[in-house]
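Beneath this line is the structure, given in structure tokens, with notes to follow.
The values are calculated or read from the model by the stated rules, or taken from the named source; none is laboratory data. As the structure is a computational prediction, the values presented were derived from the model and not from experiment. Positions of Cβ are generated from backbone atoms using ideal geometry, with glycine treated the same way; all protein chains shown enter the neighbour counts.
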Amino acid sequence: MNVAKQKPRLIDRFLNSIERVGNTLPDPAIIFLFAMIIIWLLSALFSQVSFEAIDPRTGEAIIVHNLLTGDALANFLSGMVKTFTGFAPLGVVLVAMLGVGVAEHSGFINTGLKIMLKRTPKALLTPSIILIAIVSHTATDAGYVLVIPLAGVIFFAMGRHPLVGIAAAFAGVSGGFSANFIPSGIDPLLQSFTQSAAQIIDPEIIVNPLNNWFFTSASSLFIVLLGWYITDKIIEPRLKDTPIDGDTSDLPQFDEITSKERKGFFLASVVMLAGIALLTWASWSASSPLRGPSGSLADFKAPLMQSIVPLIFLLFWIPGAVYGFSVGTFKTSKDMIDSMSKSMGSMSYYIVMAFFCSLFIAAFSQSNLGALLAIEGAQVLKTLALPSSVTIVGIIFLTGFVNLFVGSSSAKWALLGPVFVPMLMQLGISPDLTQAAYRIGDSSSNIITPLMPYFPLVVVYCQKYVKDTGIGTLISLMLPFALAFMICWTLFLLAYWGLGIPLGLQSSYSY
């Protein structure tokens, strides 16, 4: 990728070096393959070692499982297909893209974007994209398949570099994962682990699921402003001379909106709103089958939360079909099916990468190496016995480091929570503050690890516009966000703590 040719800034030279080194790496699919082989070898090596660290999930000493035994290899081969087809991000992406493909190729999304662009001031485009990306967390992984690619299209239509839009949206969706003013399923999920860990010390303690809500709400505004500055002052200047050499022929054309398009969009929007109203009515009752066992809609076990991706499919597929047949882009049902086929064709490269990624993640989990890394790191931090504020900072940075290897937020907290929460309770720090610190570290480094399941998908989005985009390209784009979020968000928490502003409902700073 070419960047500014005249007197590049120091930060540009630094990021260019990272990009060059990163792009010398093999294709992401091959990286996952090599990483899996390395995990196999390490599992065989460390399986011979006895560790004293206790696995909080079992209460017993952590054991590394050898993946190179005959039984393990036989299980690997027999379970390969199931591992691939059961890879959660694959289903999320493909099912959602089937519906989005109809909405896209019918012209429904195109017309919607034209209307939005006419009403959104260009100066506020960046913060608007980041804010929408943050809010998309409410719908689990919807931001990865909707907000990020659309951000590229919108920036391209506005005459700005599309990779700038993709970077801003990725920063909001993934880097700002724990910044949201709308409660989501992640809140009760983390709370359940926090409460279990706290009850090791205090069996009577109860942690509110929204114990971090005020802090995450305030963080939303903070991340929008910080991401806005980084996007416009660091990322965009760096990309201003980067040529767009990808195939953009099938991107939406933002010409004037015809009366037929307006009528079709109005009709399709009415259908979409009717669907949302029907869903709201169906979930409103306290006895709704869409609610979880506790009666909550935000519970991860609630059928509504588990149906987010199918709902995205329906809420784009049906209005997209209505729009297509009303304006004439779809003449027959075959045209609609063809649009779904085209959307799947664009996902072929991601499917290949997902195959190797699923095998690597399964091996990493089965070996227990990720658990070993997390537990040993937590024990080192505990042994240091640092002051409370320094310990909070240490938790954030350790979590960010572990996050480079263990992507699942709940899986990491299941490992780290039983160590961090009781440890800090004995120092007088509440479980609420410990969880808030964890959430910062868990978010900030998401956007720079190729091992994050959606990272290869974002590379594919970038290649639509710049063909030679590689891992190094994306890491160099996202590194300023990751570093700024990690450092500035940590300082924000310390200041928030110092001012004594409540973290959330029924929360506290001290125990």
*Out of curiosity, is SER285 touching a helix residue (DSSP H, G or I) at 6+ places or on another chain (Cβ under 6 Å), farther than 30 Å from LYS342 by Cβ and among the polar types (S, T, N, Q)?*
no
_PHE481 closer than 18 Å to ALA179 by Cβ, touching a residue at least 12 places away in the same chain (Cβ under 8 Å) and crowded, with 23+ Cβ neighbours inside 10 Å_ = yes
*Would you pick out the residues in segment 441-467 that are over 16 Å from the mean Cα position of the chain (by Cα) and either of a type in the set (Lys, Arg) or not in a helix (DSSP H, G or I) (or both)?*
LYS464, TYR465, VAL466, LYS467
*asked:* Please verify whether ALA286 is free of Cβ contacts under 8 Å to residues at least 12 places away in the same chain and either under 25 Å from ALA88 (Cα atoms) or out of contact with any Cys (no Cβ under 6 Å at 6 or more places or on another chain) (or both), treating the condition exactly as stated.
replied: yes
_Single residue of segment 404-435 satisfying the filter (under 20 Å from the mean Cα position of the chain (by Cα) and part of a loop (DSSP other than H, G, I, E, B)) that is nearest to TYR350 (Cα to Cα)_ = GLY407
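For segment 16-45, which residues satisfy the criterion of being charged (D, E, K, R) and crowded, with 18+ Cβ neighbours inside 10 Å?
GLU19, the sole residue that qualifies.
In this structure, is THR473 more than 18 Å from GLU19 (Cβ to Cβ), in contact (Cβ under 8 Å) with a residue 60 or more places away in the chain and in a helix (DSSP H, G or I)?
On the way: more than 18 Å from GLU19 (Cβ to Cβ): no; in contact (Cβ under 8 Å) with a residue 60 or more places away in the chain: yes; in a helix (DSSP H, G or I): yes.
No: the conditions fail for THR473.
Conditions tested, residue by residue: (1) outside any helix (DSSP H, G or I); (2) within 30 Å of GLY264 (Cβ to Cβ); (3) touching a Pro at 6+ places or on another chain (Cβ under 7 Å).
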| position | (1), (2), (3) |
| --- | --- |
| LEU42 | no, no, no |
| LEU45 | no, no, no |
| ARG57 | yes, no, no |
| ILE63 | yes, no, no |
| LEU67 | yes, no, no |
| PHE76 | no, no, no |
| LEU98 | no, yes, no |
| ALA103 | no, yes, yes |
| LYS114 | no, yes, no |
*In segment 201-235, how many are free of Cβ contacts under 8 Å to residues at least 24 places away in the same chain and farther than 27 Å from PRO188 by Cβ?*
2
*Could you tell me whether SER358 is under 18 Å from VAL95 (Cβ atoms), in contact (Cβ under 8 Å) with a residue 12 or more places away in the chain and surrounded by fewer than 17 Cβ atoms within 10 Å (Cβ to Cβ)?*
no
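Among the residues of segment 495-511, which ones are surrounded by fewer than 15 Cβ atoms within 10 Å (Cβ to Cβ), touching a residue at least 60 places away in the same chain (Cβ under 8 Å) and farther than 20 Å from VAL224 by Cβ? Walk me through how you get there before you give the answer.
Pass one, segment 495-511, residues surrounded by fewer than 15 Cβ atoms within 10 Å (Cβ to Cβ): 495, 498-501, 505-506, 508, 510.
From what's left, touching a residue at least 60 places away in the same chain (Cβ under 8 Å): 501, 505-506, 508, 510.
The answer is LEU505, GLN506, SER508, SER510.
Quick one: which residue in PHE76, PHE87, PHE32 is of a type in the set (Phe, Trp, Tyr) and either over 30 Å from ASP468 (Cβ atoms) or at pLDDT 90 or above (or both)? Talk me through it step by step, then tell me what you get.
Numbers: PHE87 fails: either over 30 Å from ASP468 (Cβ atoms) or at pLDDT 90 or above (or both); PHE32 fails: either over 30 Å from ASP468 (Cβ atoms) or at pLDDT 90 or above (or both).
The unique qualifying residue is PHE76.
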_Being under 25 Å from ALA282 (Cα atoms) and either surrounded by fewer than 16 Cβ atoms within 10 Å (Cβ to Cβ) or among the hydrophobic types (A, V, I, L, M, F, W, C) (or both) narrows it down to one residue among VAL309, VAL327; which is it?_
VAL309
*Hey, among PHE401, PHE364, PHE355, PHE397, which residue is in contact with a Phe, Trp or Tyr (Cβ under 7 Å, 6 or more places away or on another chain) and at negative phi?*
PHE355
*asked:* Filter segment 10-27 down to the residues that are more than 23 Å from the chain's Cα centre (by Cα) and either closer than 10 Å to ILE475 by Cα or free of Cβ contacts under 8 Å to residues at least 24 places away in the same chain (or both) and list them by number.
replied: LEU10, ARG13, PHE14, SER17, PRO26
*Looking at segment 186-239, which of the residues that are of a type in the set (Gly, Ala, Ser) and surrounded by 24 or more Cβ atoms within 10 Å (Cβ to Cβ) is modelled with the lowest pLDDT?*
ALA197
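Is at least one residue of segment 429-446 of a type in the set (A, V, I, L, M, F, W, C), within 21 Å of ILE234 (Cα to Cα) and touching a helix residue (DSSP H, G or I) at 6+ places or on another chain (Cβ under 6 Å)? Lay out the reasoning, then the answer.
Restricting attention to segment 429-446, the residues satisfying the condition of being of a type in the set (A, V, I, L, M, F, W, C) are 429, 433, 436-437, 440.
Within this subset, residues satisfying the condition of being within 21 Å of ILE234 (Cα to Cα) are none.
For segment 429-446, residues of a type in the set (A, V, I, L, M, F, W, C), within 21 Å of ILE234 (Cα to Cα) and touching a helix residue (DSSP H, G or I) at 6+ places or on another chain (Cβ under 6 Å): absent.
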*Examine segment 265-273 for a residue that is aromatic (Phe, Trp, Tyr) and in contact (Cβ under 8 Å) with a residue 60 or more places away in the chain, and state whether such a residue exists.*
yes
*State all residues of segment 400-437 that are within 13 Å of GLN191 (Cα to Cα) and touching a Lys or Arg at 6+ places or on another chain (Cβ under 7 Å); if no residue qualifies, say none.*
ALA414
_Failed criterion for TYR438 (all others in (1) among the hydroxyl-bearing types (Ser, Thr, Tyr); (2) in a loop (DSSP other than H, G, I, E, B); (3) surrounded by 24 or more Cβ atoms within 10 Å (Cβ to Cβ) hold)_ = (2)
*Which of the residues belonging to segment 342-355 are in contact (Cβ under 8 Å) with a residue 12 or more places away in the chain and assigned to a helix (DSSP H, G or I)?*
LYS342, SER343, MET344, TYR349, TYR350, ILE351, VAL352, MET353, ALA354, PHE355
*With respect to the numbered conditions (1) surrounded by 24 or more Cβ atoms within 10 Å (Cβ to Cβ); (2) touching a Leu at 6+ places or on another chain (Cβ under 6 Å); (3) of a type outside the set (Val, Ile, Thr), which one is the sole condition not fulfilled by ALA179?*
(2)
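Could you say which residue among GLY441, GLY407 is at pLDDT 90 or above, within 30 Å of ILE205 (Cα to Cα) and not aromatic (Phe, Trp, Tyr)? Explain how you work it out, then say what you get.
Values: GLY407 fails: at pLDDT 90 or above.
So the residue among GLY441, GLY407 that is at pLDDT 90 or above, within 30 Å of ILE205 (Cα to Cα) and not aromatic (Phe, Trp, Tyr) is GLY441.
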*Inspect all residues belonging to segment 294-306 and state whether any of them is farther than 23 Å from VAL402 by Cβ, acidic (Asp, Glu) and not in a helix (DSSP H, G or I).*
yes
